[in-house]
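A.B. asks: Sharing a structure, written as structure tokens. Questions coming.
The values are calculated or read from the model by the stated rules, or taken from the named source; none is laboratory data. Everything quoted here is computed from the prediction, not taken from an experiment. Cβ placement follows ideal geometry from the backbone for every residue including glycine, while neighbour counts extend to all protein chains displayed. Calculation scope for accessible area: heavy atoms of the full protein, side chains included, ligands and nucleic acids excluded. Shrake-Rupley method; radii C 1.70, N 1.55, O 1.52, S 1.80 Å.
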Amino acid sequence: MEQRTRFKIMVYFILFIIALFLLFFGIWYISGLGRDFQRVGDLKQIQIAMSHYYSQYGTYLIPGCESGTRVNECFAKQNNILRSFKILDPLASGYYNYVIGSLGDNFYEINFALELGVGGLPAGRYVLTKEGVRR
């Protein structure tokens, strides 16, 4: 009888460990998905900010913003409409940052990454342009 009780306890313990693992995995997945949805919203805000800037100045060249600068740092330096857009990646570490790729008179490139993928875009690194998103 004692062996049977030990076996039950062992089975319950293993089931408990599996449930904990599934719970943590679910929380991690939902968190990553939420951050990716926020990134998509942030990218829309960046597109709006860049469009406003272009309509005001007739160029996407932003003084003091060069390749490799994080978007939030670049926008914060400005004394125009860009300053009102406070955009920061939810993780803001590693390659999870919105970074200026290049700016020109008629184009811009903003580098970003998705953790899990959302909206038909799989996980990975991307570039936001005035035409949309590309790999």
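A.B. asks: Give me the accessible area per residue for the chain, probe 1.4 Å, as a whole number in Å².
C.D. replies: Values: 8580 Å² over 135 residues.
Computed with neighbouring chains in place, this is 64 Å² per residue.
A.B. asks: Continuing with this model, one more query. Considering only Phe16, Phe75, Phe25, give the residue with the highest GNM mean-square fluctuation for the chain, with springs between Cα atoms whenever their separation is below 10 Å.
C.D. replies: Phe16
A.B. asks: What is the total of Lys pairs in the chain with C-alpha atoms under 21 Å apart, excluding same-chain pairs fewer than 8 positions apart?
C.D. replies: Eligible lysine pairs with Cα atoms under 21 Å apart amount to 5.
A.B. asks: Given a 1.4 Å probe and every protein chain left where it sits, what share in percent of the accessible area of the range 6-101 is carbon and sulfur? Walk me through the numbers on the way to the answer.
C.D. replies: Working: 4170 of 6200 Å².
So the carbon and sulfur contribution to the accessible surface is 67 percent.
A.B. asks: Follow-up question, since we're still on this one. Taking the Cα centre of the chain as origin and charging only Cβ (+1 Lys, Arg; -1 Asp, Glu), how large is the dipole, in debye to the nearest 20?
C.D. replies: For the chain, the charge dipole is close to 420 debye.
A.B. asks: Separate question: Among Gly104, Ser67, Ser55, flag the residue with its Cα farthest along the positive direction of the charge dipole of the chain, charges on Cβ as +1 for Lys/Arg and -1 for Asp/Glu.
C.D. replies: Among Gly104, Ser67, Ser55, the one farthest towards the positive end of the dipole of the chain is Ser67.
A.B. asks: Right, here's the next one. Using a Förster distance of 30 Å, how high is the FRET efficiency between Ile27 and Asn80, based on the Cβ-Cβ distance and rounded to 0.05?
C.D. replies: 0.15
A.B. asks: If you build a Gaussian network model of the chain, linking Cα atoms that sit under 10 Å apart, which residue out of Tyr53, Tyr12, Tyr98 swings the most?
C.D. replies: Among Tyr53, Tyr12, Tyr98, the largest GNM mean-square fluctuation belongs to Tyr12.
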